[in-house]
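The values are calculated or read from the model by the stated rules, or taken from the named source; none is laboratory data. From a predicted model like this one, the values you see are computed outputs, not experimental measurements. Reconstructed Cβ throughout: ideal geometry from the backbone, glycine too, with neighbour counts over all protein chains shown.
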Amino acid sequence: MIDPSRALDLCREIAACTEVPGQITRTFLSPAMRDCHRLLSTRMQQLGMHVHTDPIGNLRGLYGAGNRPRLLIGSHLDTVPDAGAYDGVLGVAIALAIVEALPPQTLPFDIEVIGFSEEEGVRFRKPFFGSLAAIGRFDPQWLCLRDESGCSLREAIAQFGLDPEKIPDAAVDPRAFAFLEFHIEQGPLLDRANAPLAAVSAIAGQSRLHVVFRGRANHAGATPMNLRHDALAAAAEWITAVERTARSVDRLVATVGSLHVSPNASNVIPSEVRASLDVRHSCDATRIAAVQAICEEARRIAAHRLLDILVQEQLNQDSVSMDEELTAALERALQNIGEPPRRMPSGAGHDAMIIASKIPSAMLFIRSIDGVSHHPAEAVHAEDIEKAIRAGVAILADLAQERQHS
Ligand code: HGY
Ligand code: MN
Ligand code: MN
């Protein structure tokens, strides 16, 4: 019998590791992340794992001697602001539950559980530092990025007690042969289908940009409307155009999720607005064309209002298909536990889309109740977690059998 409550209790314990009392906010290498590492390290050590934090802040638990082929299982430990208790961390909790549930006979491979340090891209507005470093694609130029407080990425890593010069050491062992990520769906499809689990077929590509409208501050009471260069009015006109564009293209999604207004006073015409732009689609050409159209509209609006505009691309991540063999093995595992083999695309981004560029990767989605995520109401069914753990044990047995006969 597998008891899902240990994994769920671990998620709830880790939910208390937050920078903001009363909500769940845990960003890259924050003190809250250190608390999270402490809880997970204890659980990993109880399982007999060798635990270390790599130079980019990924928490790594090695189960086995480390001298054999290696299966990686993991997800991210950071969250969006005011998050739910399961996005990311549930994948690490399930990985540990799978190790705990393994039958006594030894597997012909080692297992490394990885809690990635930065997948959401909240603190430095650039996602995937942990998984990019794990596959050797971390760009040292990023060390100069600064967070809202002006702290550089280099300083943040050093303040956590890590050495930014050693980030190449975060690369995964060359004997790693596969990566599995267990993750909540974060959307409504499984809930609507009344289905607990599904293998992921592909992960939608995503573009993330920083758009700055620069006008001119002036007196809100004394400046006639025809003499204004209002950065916020320009941004507002553009944001409705972003939504209109996204609604006009099938399965395209576009979001302006973050807005900083300066000088942000009720009686001053806004001089500057810094906006985020997030555009996703399973077809890369469609996504890139939409980004170009949306940015062109921003430039048109700025020119019409005699404002300056700055557009900076932060991420241009193509969509990624999951490894066919591993995904078929996940579907066999679903059948093995009495569930129909089911596949579905992912609109959300995941570390698996980064790891997949170097190591065969696959994902198993777990139903999000009411399809809610990136919100405190994020919830899962305990029985779905029990099934996910059983599916994990089943796929490991499948991989073991395959390797013993290869
Ligand atoms: O934004 C995403 O897709 C993920 O939650 N980081
Ligand atoms: Mn997320
Ligand atoms: Mn996630």
Next on the checklist: Considering only the range 252-273, I want to know if a residue exists there that is closer than 30 Å to Leu189 by Cβ, of a type in the set (D, E, K, R) and not in a loop (DSSP other than H, G, I, E, B).
Outcome noted: no
request  = May I ask you to verify whether Ser271 is in contact with a Leu (Cβ under 8 Å, 6 or more places away or on another chain), away from ligand 3 (no atom under 16 Å from the Cβ), over 28 Å from Arg70 (Cα atoms) and of a type in the set (Gly, Ala, Ser)?
outcome  = no
Within the range 53-84, residues of a type in the set (S, T, N, Q) and more than 16 Å from ligand 2 (Cβ to nearest atom) come out as Thr53, Asn58, Asn67
Of Ala95, Ala65, Ala85, the only residue that is in a loop (DSSP other than H, G, I, E, B) and either surrounded by 24 or more Cβ atoms within 10 Å (Cβ to Cβ) or within 13 Å of ligand 3 (Cβ to nearest atom) (or both) is Ala85
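Residues are listed down the side, and each one gets a yes or a no for (1) touching a residue at least 24 places away in the same chain (Cβ under 8 Å); (2) within 21 Å of the chain's Cα centre (by Cα); (3) under 16 Å from Gly347 (Cβ atoms):
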residue: Pro174; (1), (2), (3): no, no, no
residue: Leu197; (1), (2), (3): yes, yes, no
residue: Ala233; (1), (2), (3): yes, no, no
residue: Glu243; (1), (2), (3): no, no, no
residue: Leu252; (1), (2), (3): yes, yes, yes
Taking the range 86-113 and keeping only residues that are of a type outside the set (Phe, Trp, Tyr) and within 16 Å of ligand 1 (Cβ to nearest atom), one is left with Asp87, Gly88, Val89, Leu90, Gly91, Val92
Margin query: If I filter the range 115-131 for residues that are within 19 Å of the chain's Cα centre (by Cα) and in a strand (DSSP E or B), do I get at least one hit?
Written below: yes
Within the range 112-154, residues being without any contact (Cβ under 8 Å) to a residue 60 or more places away in the chain and away from ligand 3 (no atom under 15 Å from the Cβ) number 16
Note on the range 345-362: residues within 16 Å of ligand 3 (Cβ to nearest atom) and either among the aliphatic types (A, V, I, L, M) or without any contact (Cβ under 8 Å) to a residue 24 or more places away in the chain (or both) are Ala348, Ala352, Met353, Ile354, Ile355, Ala356, Ala362
Scanning the range 179-203 residue by residue, the ones that are within 15 Å of ligand 1 (Cβ to nearest atom), crowded, with 24+ Cβ neighbours inside 10 Å and of a type in the set (A, V, I, L, M) total 3
Checked the range 211-257 for anything under 30 Å from Ala352 (Cβ atoms) and buried (at least 16 other Cβ atoms within 10 Å of the Cβ); matches are Val211, Val242, Thr245, Ala246, Val249, Leu252, Val253, Ala254, Val256
Restricted to the range 86-97 and to residues being under 13 Å from the mean Cα position of the chain (by Cα) and more than 18 Å from Ser361 (Cβ to Cβ), the residue nearest to ligand 2 (Cβ to nearest atom) is Asp87
Checked the range 72-85 for anything more than 12 Å from the chain's Cα centre (by Cα) and either away from ligand 1 (no atom under 15 Å from the Cβ) or free of Cβ contacts under 8 Å to residues at least 60 places away in the same chain (or both); matches are Leu72, Ile73
In the range 310-349, anything in a loop (DSSP other than H, G, I, E, B) and away from ligand 2 (no atom under 16 Å from the Cβ) is listed as Asp318, Ser319, Met322, Asp323, Ile337, Gly338, Glu339, Pro340, Pro341, Arg342
*Restrict the check to the range 292-315 and report whether at least one residue is under 20 Å from the mean Cα position of the chain (by Cα), at pLDDT 95 or above and surrounded by 23 or more Cβ atoms within 10 Å (Cβ to Cβ).*
no
